[in-house]
1. Mind counting the residues in the stretch 106-142 that are of a type in the set (Phe, Trp, Tyr) and in a helix (DSSP H, G or I)?
2. From the list 119, 45, which residue is polar (S, T, N, Q), under 22 Å from residue 152 (Cα atoms) and at pLDDT below 90?
3. Regarding residue 4, is this residue of a type in the set (Val, Ile, Thr), in contact (Cβ under 8 Å) with a residue 24 or more places away in the chain and buried (at least 18 other Cβ atoms within 10 Å of the Cβ)?
4. Within the stretch 7-31, can you find the residues that are assigned to a strand (DSSP E or B) and either of a type in the set (S, T, N, Q) or free of Cβ contacts under 8 Å to residues at least 12 places away in the same chain (or both)?
5. Just a yes or no: is a residue in the stretch 9-21 among the charged types (D, E, K, R) and within 16 Å of residue 157 (Cα to Cα)?
6. Criterion first (modelled with pLDDT under 95, acidic (Asp, Glu) and in contact with a strand residue (DSSP E or B) (Cβ under 7 Å, 6 or more places away or on another chain)) does residue 77 satisfy it?
Amino acid sequence: MIFVGTLAQFQLSQILQLLERYGKTGLLTVARGQQKVSMYFRQGQLMCIEPQQEYDPLERRLLRAGAISRYDLQDVEFEMSRTFLGNPGRAYRSEIQMALALTESGLMSHEQLYACVRQEDTEILRELLTWSEGEVSFAEGVKPPGDRLPLTLSITSLLPSLSDPISPSSVSTSNLRSVREEPSLPVTPPSNPSLYPYDTSSISLQEVQARTH
C-alpha cells in the first residue's frame, strides 16, 4: 500500500505516531520542491533517515561533525584497504563495516556513534516538523537498507524533545543536506541484537568482510 497526501492535509507528527502505533514497516518520503527526505521504519521504529538523494557516507558525516579527524580517518581507511586488498569487488564499504573499523581502532565507542547519528537525525526531524507544505507518501513493506547503521528510534519518546519552538529565521534548508552538531543526547545501541548484526567486541573486520562477501 502506498499512502499519498500533503502536509496541508496531515501533520507530519501525526503520521509518524500512526506508523509507530500500528507497527508499520516501510518507507516514508517527505518532499518539498527539490528537497526530499526518506525515512525507513521497521515495526514502527525509525531506523534511518536519508536527507538527500545522493547517499552521504557515514565517515564523511562524522568528519564534518568533528567526531573524527581527517588524519584518523586516513588511518582507518588505510587499514580497511589492507583488509580488502586482493578483493577489488569489495571496494564498497557499508556503514556497519566503517562503524566496526572506527570502534576497533578505539576512535569512537558504540555510544558515541549512535549519539552522533541520532543527533543528526533529530535535527533533521526537527526541521521537517516546521514544514507547512509538501507531499508525503508511505510505501508499506519497504525494508530499511541492510548496510546502514540502525537507530531504532521511538517516535513517541522523540517527539517531546522536538516540540520546542523554533524561530523561522533559525531554520535553514541546508540542514537537510548537512546537519552536523556535537552529540548531546545519551544513546545506547539497539536492544535487539538482530538489528546490529555484528558484535564488535567479539568479531574482527576481517570476519565482517567474510560474512558480507
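1. Number of matching residues: 1.
2. 119
3. Considered against the rule, which asks whether it is of a type in the set (Val, Ile, Thr), in contact (Cβ under 8 Å) with a residue 24 or more places away in the chain and buried (at least 18 other Cβ atoms within 10 Å of the Cβ), residue 4 comes out as no.
4. 29, the sole residue that qualifies.
5. Quick first cut of the stretch 9-21, residues among the charged types (D, E, K, R) only: 20-21.
Filter once more, keeping what is within 16 Å of residue 157 (Cα to Cα): 20-21.
Yes, because at least one residue in the stretch 9-21 is among the charged types (D, E, K, R) and within 16 Å of residue 157 (Cα to Cα).
6. Details: modelled with pLDDT under 95: yes; acidic (Asp, Glu): yes; in contact with a strand residue (DSSP E or B) (Cβ under 7 Å, 6 or more places away or on another chain): no.
Here the answer is no, as residue 77 does not meet what is asked.
Yes/no matrix, rows are residues, columns are (1) farther than 29 Å from residue 5 by Cβ; (2) touching a Ser or Thr at 6+ places or on another chain (Cβ under 8 Å):
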residue: 34; (1), (2): no, no
residue: 40; (1), (2): no, no
residue: 43; (1), (2): no, yes
residue: 64; (1), (2): yes, yes
residue: 81; (1), (2): yes, no
residue: 97; (1), (2): yes, yes
residue: 135; (1), (2): no, yes
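Yes/no matrix, rows are residues, columns are (1) buried (at least 20 other Cβ atoms within 10 Å of the Cβ); (2) modelled with pLDDT under 90; (3) more than 23 Å from residue 32 (Cβ to Cβ):
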residue	(1), (2), (3)
114	yes, yes, yes
125	yes, no, no
128	yes, no, no
134	no, no, no
140	no, no, no
146	no, yes, yes
150	yes, yes, yes
154	no, no, yes
157	no, yes, yes
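The values are calculated or read from the model by the stated rules, or taken from the named source; none is laboratory data. This structure is a prediction, so every number in the text was calculated from the model and none was measured. Ideal geometry is used to build each Cβ from the backbone, glycine not excepted, and the neighbour counts take in all protein chains shown.
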